Amino acid sequence: MAEAEDRFGCNLKQIFTLLLLLGYGYAMQAQTVSEPRVNILVIVAENMPAAYMAPGPEKPVRTPAFDSLAAAGVWFSQVFLASADPLASRLSLLTGLYPWQASGAVPMTRTLREQGYYTGYLGTGLIPDNPAHRGADTLLGTYVARMDSGLLPRYDFAASFRALLDTLPAGERFFCWAGLDVPAPAPGAGRRAEIDLKTLRPPAFWPDQYVVRNELADYLTTLEAQDRQLQALLDVLQERQLTTSTLVVFTAASGMPLPRAAGELYDYGVRVPLIICQPGQPGARYCDDLISLTDLAPTLLEAAALKPPRTLPGTSLGPILRRKKSGSLDKDRDAIVYARDGNPDTCHAAYPARALRTRDWAYMHHYAADQWPAGDPSCLPGQPALSETGALMLRYQKQPDYRPAFEKTYGKRPAEELYRMADDRDQMRSLAADVSYVRVLSRHRKALRRFLRHTGDPYGKIK
């Protein structure tokens, strides 16, 4: 497309121009760098789909820090996790490899340490939702934790970042991974945050009921909370006068933690935000090429003046960052692949699936179509992780008003799905069984199989 648009149809070029006129923009913009190697700050959010973060006046959440960062750097609008599993997606981000390649891989942090970088991390490391694991992610480097002085002390990102910088040996560059915290939303948090339930539009695959809108509004407050943590980190960079020597990356390791999103290959589960602010490069730009988070490792190694290994499947985003334009900037970025495997538990069987995304189409191949993709519906009621929206669909699954949403979310799926993204953003109408699209389906099936075979995925051998 000539001019990228966000989920709500807003023109990104106009939005970024407006942000700059309003005075948004991180101080990194339009600065020059005196050294080829830069500090690297990678900020990894949780449970954050791109759909609710695209800059624009109709965005349902207030994220001034995120908007400021986007106005100072490059907003990548079509970015996908390598895996729908949060742990696997983090490992892919750290190694630059797909989940089926990552066994025994060398993380980029080890390479950076060998080249003189000081590496450390704040907040959530590689294993999500497990505060007890903090400090054990030796792959990421030194762990630093400082708590605030509240009645119920919480992790203090600003104080922790300052403490990490205080331990930095003189003259060394740093790599810092900052995994943002996701507070559990309290009931009614969305209303108290003045999120308008009347105008809030749930995805088309959910029933449009008050309980659904209310839970969605509560969830959206977690995005605003993470934005405040982002602001704390950016403030420390400003305070320490590090903005002109630090490359800042903001992305997410998981999509929306609600039905037909969490752990799924649909956009709400795997399409995430990505902003990169590079010292010396102009901001207020966007790129709508297809990007995989496997591209981050070669990008960061290149920023550290290192040559990425040829074995990495991803490609550095450096050439895009150095361009002064917006829009589609790399014609070769016309397809990406992402995966899910799933962890068997009481209600779930393993559910391996792979997806190929091209500029116009989303193709998915489910290798265990006889299994329940979201868990056995008879087992799910009463499970601690079950959302109110999920409970509603399960409770009324036989009623006509709820049956379509139940089938889309919890029903078994065909072996293949094919969606034309231009007119089906919520991926509701699969065209895989439509004879009019048999050639499109075959072309994507073959392309996915070739990629999987080339990268060593055993599922590439399955026809």
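The values are calculated or read from the model by the stated rules, or taken from the named source; none is laboratory data. The structure presented is a predicted model; accordingly, all values stated were derived computationally and were not measured. Heads up, the Cβs are rebuilt from the backbone with ideal geometry, glycines too, and the neighbour counts pull from every protein chain shown. We work out accessible area using only protein heavy atoms, side chains counted, and drop any ligands, DNA or RNA first. Shrake-Rupley method; radii C 1.70, N 1.55, O 1.52, S 1.80 Å.
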Single residue of R429, R445 found to be modelled with pLDDT of 95 or more, surrounded by 15 or more Cβ atoms within 10 Å (Cβ to Cβ) and either under 26 Å from the mean Cα position of the chain (by Cα) or outside any helix (DSSP H, G or I) (or both): R445
In the range 73-88, the residues that are modelled with pLDDT under 95 and open to solvent by less than 10 Å² (accessible area, probe 1.4 Å): none
Output the number of residues of the range 41-53 satisfying the condition of being more than 17 Å from R228 (Cα to Cα) and surrounded by fewer than 24 Cβ atoms within 10 Å (Cβ to Cβ). 1
State whether the residues of the range 217-232 include one that is surrounded by fewer than 21 Cβ atoms within 10 Å (Cβ to Cβ) and among the charged types (D, E, K, R). yes
Mind checking whether some residue in the range 393-408 is within 20 Å of D267 (Cα to Cα) and under 24 Å from the mean Cα position of the chain (by Cα)? yes
Tell me yes or no: at least one residue of the range 239-246 is in contact with a strand residue (DSSP E or B) (Cβ under 8 Å, 6 or more places away or on another chain), more than 30 Å from P319 (Cβ to Cβ) and not in a helix (DSSP H, G or I). no
Please go through the range 19-71 and pick out each residue that is within 19 Å of the chain's Cα centre (by Cα), on the phi > 0 side of the Ramachandran plot and modelled with pLDDT under 95. G56
Subset of the range 95-129, residues under 13 Å from A304 (Cβ atoms), modelled with pLDDT of 95 or more and either among the basic types (K, R) or under 18 Å from the mean Cα position of the chain (by Cα) (or both), comes to none
When you go through (1) acidic (D, E); (2) over 15 Å from Y52 (Cα atoms); (3) open to solvent by 10 Å² or more (accessible area, probe 1.4 Å) one by one for D289, which number turns out not to apply? (3)
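Out of Y410, Y396, I need the residue that is of a type in the set (S, T, Y), open to solvent by 50 Å² or more (accessible area, probe 1.4 Å) and closer than 22 Å to E215 by Cβ. Which one?
Being of a type in the set (S, T, Y), open to solvent by 50 Å² or more (accessible area, probe 1.4 Å) and closer than 22 Å to E215 by Cβ holds for just one of Y410, Y396, which is Y396.
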The residue that is nearest to D267 (Cα to Cα), considering only those in the range 182-207 that are part of a loop (DSSP other than H, G, I, E, B), open to solvent by 90 Å² or more (accessible area, probe 1.4 Å) and of a type outside the set (G, A, S), is R201
